[in-house]
Amino acid sequence: MIHRLRWRVGSEDALGFWAERLAQEGVELDPPTDESSLAFRDPEGLGLELAVVVTGDEPLPAIAQGVSPDYALLGFDGVHAYSQAAGQQERMLTDVMGFEMIAPGSYVLQGAHRHATFVHDEPPSAVGIQGAGTVHHIAWCDHDQDHAAWRDHLAARGAHPTPIIDRQYFLSIYFREPRGVLFELATPSPGFAVDEDPEHLGEELRLPPQYEHLREELERTLTPLTNPRETIVP
């Protein structure tokens with residue numbers, strides 16, 4: 001299962017900014033994985049990491065109040081997953097999905113604009129249990145016109161993909177890579193603007209049609225999310 005998410009930052013100065021910001025919030029740092037990263041955990045125990053990544057990839061800077069563009073997070077770099085025989089090459093990744101194995105247990109998938117890493121680490125003795133503080137799956141984007149062909153390709157190679165599932169905002173295919181991590185292939189279309197104004201995405205609870213009859217119950221039981229940066233006007 002996945003145990004760490006890794007974000008990119010642009011410099012050692014950015015790491016210094018985030019180390020200070022995390023300390024101010026009482027977040028304890030884990031032992032560093034290398035000199036160019038910060039490792040810590042979210043409130044539910046999931047491992048997080050910020051790392052200086054030198055790359056020619058198109059950046060995805062996160063714009064946030066109180067964070068200078070010089071220190072902004074620049075998008076996901078990849079994930080770490082626990083795996084038995086972590087260093088052994090997994091040919092489902094390399095031969096079927098197009099990853100390159102760059103070191104024992106470390107893979108990279110190169111897209112047209114950005115790349116992502118997928119790293120296998122030796123697991124602890126305890127058995128993982130899915131729940132709060134864990135990652136359910138990794139989603140990879142494919143092209144709309146290639147979606148059905150990808151399902152046929154995976155099925156022919158023994159991956160046992162699901163049928164194509166309509167998620168209203170995109171189409172999905174799910175399957176497990178041989179080490180057990182759940183993968184999703186998702187189309188970029190039609191996108192999240194099909195049922196709300198792009199300028200106001202995420203401001204209201206949106207439900208697929210099959211769950212609309214549960215709105216009252218869900219609004220009562222889901223934990224509300226509050227934007228800490230909202231200015232309260234008396």
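Scanning the range 56-82 for residues that are in contact with a His (Cβ under 9 Å, 6 or more places away or on another chain) and at pLDDT below 90 yields one hit, E58. If the condition is being within 21 Å of H147 (Cβ to Cβ) and of a type in the set (A, V, I, L, M, F, W, C), then the range 179-211 contributes V181, L182, F183, L185, A186, F192, A193, V194. Flag: V181 matches the condition of being under 28 Å from R4 (Cα atoms), at pLDDT below 95 and aliphatic (A, V, I, L, M). Filtering the range 188-200 to residues that are assigned to a loop (DSSP other than H, G, I, E, B) and either modelled with pLDDT under 85 or among the small types (G, A, S) (or both) leaves S189, G191. Checking R167, R157, R179, R151 one by one, the residue that is basic (K, R), without any contact (Cβ under 8 Å) to a residue 40 or more places away in the chain and either touching a helix residue (DSSP H, G or I) at 6+ places or on another chain (Cβ under 6 Å) or not assigned by TED's automatic domain parsing to the domain that holds G105 (or both) is R151 and no other. When we screen A39, A51, A19, A64 for residues that are exposed (fewer than 14 other Cβ atoms within 10 Å of the Cβ) and over 23 Å from I173 (Cβ atoms), the only hit is A64. In a helix (DSSP H, G or I) and of a type in the set (S, T, Y): does that describe Y211? Yes; evaluated as a whole, the condition is true for this residue. Of all residues in the range 83-110, those being in a strand (DSSP E or B) and either assigned by TED's automatic domain parsing to the domain that holds E177 or surrounded by fewer than 19 Cβ atoms within 10 Å (Cβ to Cβ) (or both) number 8.
The values are calculated or read from the model by the stated rules, or taken from the named source; none is laboratory data. Note that the structure is predicted; figures quoted are calculated from it, not measured. Neighbour counts run over all protein chains shown; Cβ positions are idealised from the backbone, glycine included.
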